[in-house]
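Below: one structure, written as structure tokens.
The values are calculated or read from the model by the stated rules, or taken from the named source; none is laboratory data. Since this is a predicted model, take the numbers as computed values, not measurements. Accessible surface areas use protein heavy atoms only, side chains included; no ligands, DNA or RNA. Shrake-Rupley method; radii C 1.70, N 1.55, O 1.52, S 1.80 Å.
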Amino acid sequence: MKLYDIVVADGEFVESLTQREIMNKFGLTKCRFRTFLDNSYLIDGKYWIDDSAEDIQVTRNGCRKMLKQFDALTESIRRAVGWES
């Protein structure tokens with residue numbers, strides 16, 4: 001799932017959202033979303049959608065891999081501080 005940056009007209013970063021989240025937040029249809037994205041139009045006269053950054057992908061496998069790494073790290077920390085044997 002691709003993430004898009006929401007940026008204020010002056011260039012200040014607001015947040016990264018998926019297409020569906022942007023459509024829900026600003027009440028856009030899919031067609032209107034594409035129009036704002038493709039033409040760099042301002043949403044509500046204030047925000048624009050930036051997809052020029054590297055493609056950020058959220059994947060189930062990537063999340064699963066990250067969770068396994070997190071579990072391994074927390075287990076190591078617990079052992080180090082003596083919470084687990």
Please give the contour-minus-distance gain from LYS46 to ARG78: 0.36 nm per residue of separation, less the Cα-Cα distance, rounded to one decimal in nm. 6.8 nm
Given 0.36 nm per residue, what is the gain on full extension from PHE13 to ASP38 after removing their alpha carbon distance, in nm? 7.1 nm
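Per residue, how much accessible surface does segment 1-44 expose to a 1.4 Å probe? Answer in Å², no decimals.
Accessible surface, normalised per residue, equals 65 Å².
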Taking a straight Cα-to-Cα line shorter than 29 Å from LYS30, and setting aside same-chain lysines fewer than 8 residues away, one finds LYS2, LYS46
